[in-house]
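Visitor: Got a structure for you, written out below as structure tokens; questions coming shortly.
None of the figures in this text is laboratory data; all of them are computed from the coordinates on show. Everything quoted here is computed from the prediction, not taken from an experiment. With ideal geometry, Cβ positions are generated from the backbone for all residues, glycine too; neighbour counts draw on all protein chains shown.
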Protein chains: 2
Amino acid sequence: MAARQDLIKGNIDTLLLSLINQQPMYGYQVMQELEGRSQGYFKFKEGTLYPALHRLEKAGLLQGSWQTLANSRQRRYYSITEKGRRILVEQTAQWQDFFAAMNLIFQPAKS
Amino acid sequence: MAARQDLIKGNIDTLLLSLINQQPMYGYQVMQELEGRSQGYFKFKEGTLYPALHRLEKAGLLQGSWQTLANSRQRRYYSITEKGRRILVEQTAQWQDFFAAMNLIFQPAKS
DNA sequence: CCGCATACATAGAACCGCTAGGTATTTATA
DNA sequence: TATAAATACCTAGCGGTTCTATGTATGCGG
């Protein structure tokens, strides 16, 4: 499976919202889940992921909170907000429209 | 249909190759065809389209040639090259992989 | 004759993910 | 027991790509 990570542009927020909507997660876990669930397709760089999480939190779509593990290690868990859920629904619909439009070009309907 | 033109990032080249592969076209026509075939979804700006065509020609994926109309107006027709066709096949497969990966996140397979 | 459509073009702004670096702890390996 | 790899977070600046804004020029309809 050839890497075309750049196709992701514009979809990172939707991916993150969708994932965290299913279950609250911390950043490092998000990277693992994305890679695992996509069978190795999505390999987010930290320089991509963390700023994206910060952006979504700042926008009020995610809510983060620090949790300290037994070994005193820190994790920042993110959960989706009401607003985040609304935006997710919207973006999912937009993604479907976009996919449909792409396919109309790839396989033009008979005129 | 809400506009999310930004999802297009990284897909412009594939769209152009796919369209011109079906039939040689000049720039202005490309804009009209994209808008028409996608039922109004894709509305390319000239500042997006022309540099993209130049880039693809420079990369040897498209070949352009000037044609003069009866009224002495100029049009630059683009057709796809052998190399362009190869890349198109590749990118189409990559697009399908990407779509599959996205859906794996949206609707995770049961574990 | 004025505005819109046709037809091309480009400079610079803006955006966004990536590169490459940093800190610190724990666990596996040689 | 070193030392490498994994865990877990972070950010400044680079680079590529799309958009904004603008320019040129002709043809056509009202």
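Visitor: From (1) more than 13 Å from chain A (Cβ to nearest Cβ); (2) within 9 Å of DNA strand C (Cβ to nearest atom); (3) not acidic (D, E), pick out the condition that doesn't hold for B:P24.
Guide: Failed condition: (2).
Visitor: Being within 15 Å of DNA strand C (Cβ to nearest atom) and either of a type outside the set (S, T, N, Q) or surrounded by fewer than 13 Cβ atoms within 10 Å (Cβ to Cβ) (or both) is the filter here, so list the residues in the stretch B:72-96 that pass it. Step through it out loud before you land on a result.
Guide: Restricting attention to the stretch B:72-96, the residues satisfying the condition of being within 15 Å of DNA strand C (Cβ to nearest atom) are B:72-79, B:94.
Answer for the stretch B:72-96, where residues must be within 15 Å of DNA strand C (Cβ to nearest atom) and either of a type outside the set (S, T, N, Q) or surrounded by fewer than 13 Cβ atoms within 10 Å (Cβ to Cβ) (or both): B:S72, B:R73, B:Q74, B:R75, B:R76, B:Y77, B:Y78.
Visitor: Another question, then. Within the stretch B:59-78, track down each residue that is under 25 Å from B:Q5 (Cα atoms) and more than 10 Å from DNA strand D (Cβ to nearest atom). Outline the logic, then answer.
Guide: To start, the set of residues in the stretch B:59-78 that are under 25 Å from B:Q5 (Cα atoms) comprises B:59, B:61-62, B:78.
Residues satisfying the conditions are B:L61, B:L62, B:Y78.
Every residue, every condition in (1) of a type in the set (S, T, N, Q); (2) more than 10 Å from DNA strand D (Cβ to nearest atom); (3) within 30 Å of A:L88 (Cβ to Cβ), yes or no:
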| site | (1), (2), (3) |
| --- | --- |
| B:D6 | no, no, yes |
| B:T14 | yes, no, yes |
| B:G27 | no, yes, no |
| B:E33 | no, yes, no |
| B:I80 | no, yes, no |
| B:L88 | no, yes, no |
| B:A101 | no, yes, yes |
| B:P108 | no, yes, yes |
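Visitor: Only one of A:I87, A:I105 is in a helix (DSSP H, G or I) and within 11 Å of chain B (Cβ to nearest Cβ). Can you tell me which?
Guide: Numbers: A:I87 fails: within 11 Å of chain B (Cβ to nearest Cβ).
None of the other options fit; the residue is A:I105.
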